[in-house]
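**Q** Sharing a structure here in structure tokens format.
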Amino acid sequence: AASALGSTHKFDPRRSIVEMGMDSLMAMELRNRLLAVLNIRIPVTDLLEGPSAQELAASLLSVVSLPDTNTLEGEEEGREVELL
């Protein structure tokens, strides 16, 4: 959300993303990025309803299943993960 808003500064995750400056174009960019990175399709209208970053993260976590840590045995440590 911060990159879609064009901000690298700290922000209050409880504040609405619309209050932080999210407009329709930014919402489309965020939607496209979520689709590309997480394969999750979120309607732009849902983003423009103004969820907080915290609420958005909770919604994403509810549909994304993370692998069990046991399945990661033998994989390289320190793998980079891009945060949205």
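Coordinate-derived values only; no laboratory data. Note that the coordinates shown come from a computational prediction; the quantities given were computed from them, not determined experimentally. Every residue, glycine as well, gets a Cβ built from its backbone with ideal geometry; the counts of neighbours run over all protein chains shown.
**Q** With +1 on the Cβ of every Lys and Arg and -1 on the Cβ of every Asp and Glu, and nothing else charged, how large is the dipole of segment 1-62 about its Cα centre, in debye rounded to the nearest 20?
**A** Values: 6 positive and 7 negative charges, 40 e Å.
Computed about the Cα centre, the dipole is about 200 debye.
**Q** If the chain between residue 10 and residue 37 were fully stretched, how many nm would it gain, using 0.36 nm times the residue separation less the Cα-Cα distance?
**A** Working: separation 27, 0.36 × 27 = 9.72 nm, distance 2.24 nm.
Working it through step by step, the gained length comes to 7.5 nm.
**Q** When only Cα pairs under 8 Å and 6 or more residues apart are kept, what is the percent relative contact order across segment 1-62?
**A** Worked out over segment 1-62, it gives 41 percent.
**Q** In addition: At 0.36 nm per residue, and after removing the present C-alpha to C-alpha distance, how many nm does the segment from residue 19 to residue 48 gain when stretched out fully?
**A** Numbers: separation 29, 0.36 × 29 = 10.44 nm, distance 1.01 nm.
Taking 0.36 nm per residue and subtracting the Cα distance, the gain is 9.4 nm.
**Q** If I model segment 1-62 as equal point scatterers sitting on the Cα atoms and use the Debye formula, what is log10 I(q)/I(0) at q = 0.17 Å⁻¹?
**A** Each listed q maps to, in turn, -0.49.
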